[in-house]
Amino acid sequence: MKIEKVAALTDAKILACKEAAGEEVFSACGSDMMSDVLAFVKEQGLLLTGLLNPQVVRTAEMMDMRAILFVRNKQPNEEILALAEQFGIVVMSTPLHMFEACGRVYEGGLKGVKPI
């Protein structure tokens, strides 16, 4: 699924790396625990989270993720956006809660991370 479609499905605003919104993601993971993301995410994809700090971007970069979708209308600060730009990670923000955002993305055709 193209990142721009994720944005459309979730009523999200693209805040960083807008030029990469045409890239594809092949899986998604919703978590506020970056340790779970590090332990279970093995595919390039999309991270949905309500955790708002630079560690989210660093985790996404380590896992070669293409995009981060902050839920509950969380607005990342300049440090987070600059880090995402540096790593080439698309950052978006949606007013939806985690459950609804994950549901819309799944219903739109993007599947979750496969269990190990």
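The values are calculated or read from the model by the stated rules, or taken from the named source; none is laboratory data. Values in this document were obtained by computation on a predicted structure and should not be read as measured data. Cβ coordinates were reconstructed from backbone atoms using ideal geometry, including for glycine residues, and neighbour counts include every protein chain displayed.
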Considering only the range 34-60, state which residues are exposed (fewer than 14 other Cβ atoms within 10 Å of the Cβ) and hydroxyl-bearing (Ser, Thr, Tyr).
-> Ser35
Ala7 fails exactly one of the following numbered conditions: (1) modelled with pLDDT under 90; (2) under 12 Å from the mean Cα position of the chain (by Cα). What is the number of that condition?
-> (1)
Does any residue in the range 79-95 that is without any contact (Cβ under 8 Å) to a residue 24 or more places away in the chain and under 18 Å from Asp64 (Cβ atoms) come within less than 9 Å, Cβ to Cβ, of a residue that is of a type in the set (Val, Ile, Thr) and crowded, with 22+ Cβ neighbours inside 10 Å six or more places away or on a different chain, and which pairs are these?
-> Gln86/Val57
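Residues that are touching a strand residue (DSSP E or B) at 6+ places or on another chain (Cβ under 6 Å) and not β-branched (Val, Ile, Thr): which helices (runs of 4 or more DSSP H) entirely in the range 1-63 hold 1 or more of them? Full working, then the answer.
Numbers: elements: 3-9, 34-40, 54-62.
Correct list: 3-9, 54-62.
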Limited to the range 101-112, what total is found for residues that are over 13 Å from the mean Cα position of the chain (by Cα) and either surrounded by 14 or more Cβ atoms within 10 Å (Cβ to Cβ) or among the small types (Gly, Ala, Ser) (or both)?
-> 5
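How many residues does the range 55-74 hold that are free of Cβ contacts under 8 Å to residues at least 60 places away in the same chain and out of contact with any Pro (no Cβ under 9 Å at 6 or more places or on another chain)? Spell out the reasoning first.
In the first step, residues of the range 55-74 are kept if they are free of Cβ contacts under 8 Å to residues at least 60 places away in the same chain; the result is 55-65, 68, 70-74.
Applying the additional criterion that residues be out of contact with any Pro (no Cβ under 9 Å at 6 or more places or on another chain) yields 55, 58-65, 74.
The number of residues fulfilling the criteria is 10.
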Leu15 passes all but one of the listed conditions (1) surrounded by 14 or more Cβ atoms within 10 Å (Cβ to Cβ); (2) touching a Ser or Thr at 6+ places or on another chain (Cβ under 9 Å); (3) modelled with pLDDT under 95; the exception is number (3)
Scanning the range 58-87 for residues that are at pLDDT below 95 and either among the small types (Gly, Ala, Ser) or in contact with a Cys (Cβ under 6 Å, 6 or more places away or on another chain) (or both) gives Ala60
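In this structure, does Phe87 turn out to be among the hydrophobic types (A, V, I, L, M, F, W, C) and surrounded by fewer than 15 Cβ atoms within 10 Å (Cβ to Cβ)?
no
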